[in-house]
Amino acid sequence: MATTPLKRRLRAESIAAILGMSEADRAARGARILDEVRGLASYRGAGTVLLYLKAFPEEIETGPLLADALAAGRRVACPRVVGRAAGMVLHEVRDLGDLRAGTLGIPEPVPDAPIVAPEDLDWVLAPGVAFDPACNRLGRGAGHYDRLLPRVRPGIEVWAAAFDVQMLDMLPVEPHDVPLTGVVTESRILRRA
């Protein structure tokens, strides 16, 4: 997907703001955010969840959420990038041993793990670099989630976990952008009206 100079600037500013926090502060805030995610009724009631794993220093460490979901008996899917044009394939992860370093060293499911169809998901955690109060997200620019989210069943809740510094007043929105159900930060839970 094409990206604009404004989106590139907003990404850079958001990442700089996150990295401006100490690692200890990011870890503590991230743990609080994940506690709030665990408390979401839609997450607690979901049987099959899509979770991503931390791939970049500025992202929240989502590994504990994945471990908790597995321990709770949820079916967990994680994305595997198969190419910029082809996008992502979702695979079931039955334990943390099903993950290997994939594209750019990002933890991904092994290629022979069972495939999970997007329409089989009950709940999604989507990554992003920046968000706004209308629950729009700014991703990294590859468009993987922009192509995936329209394929999930209507009504499925799609959430993001983000630091307060990732919340901007307004993001540029294009026709292919899919708004989220909500965004959880360390100080608030925003739900799209």
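Structure summary
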{"quantity": "Virtual paramagnetic centre 7 Å along Cα→Cβ of A101, amide N under 13 Å, in the range 58-93", "calculated": "none"}
{"quantity": "Label-to-label distance, nm, for residues given as A17 and R191 (7 Å Cα→Cβ offset)", "calculated": "2.4 nm"}
{"quantity": "For the chain, built as a Gaussian network whose Cα springs stay under 10 Å, the top-fluctuating residue of V82, V178, V152", "calculated": "V82"}
{"quantity": "Rotationally averaged projected area of the chain (alpha carbon convex hull; nm²)", "calculated": "10.2 nm²"}
{"quantity": "For K54, K7, order by how many other beta-carbon atoms lie within 10 Å, fewest first", "calculated": "K54, K7"}
{"quantity": "Built amide H within the under 5 Å cut-off of G87, gap 5+", "calculated": "V82"}
{"quantity": "Restricting the range 40-75 to GluC sites (Glu not before Pro) in coil, as DSSP defines it, with at most 16 other Cβ within 10 Å", "calculated": "E61"}
{"quantity": "Within the range 115-135, backbone nitrogen closer than 13 Å to the virtual label 7 Å beyond the Cα of F56 toward Cβ", "calculated": "127-131"}
{"quantity": "Extension reserve of the A72-R32 stretch, reckoned as 0.36 nm per residue once the Cα distance is removed", "calculated": "12.5 nm"}
{"quantity": "Residue of P109, P179, P154 that the Gaussian network model of the chain assigns the largest fluctuation, springs spanning Cα pairs under 10 Å", "calculated": "P154"}
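The numbers here are math on the coordinates, done by the rules we state, and not lab data. Since the model is a prediction, treat every value here as computed from it, not as a measurement. A quick note on method: Cβ atoms are made from the backbone with ideal geometry, for glycine too, and the neighbour counts reach across all protein chains shown.
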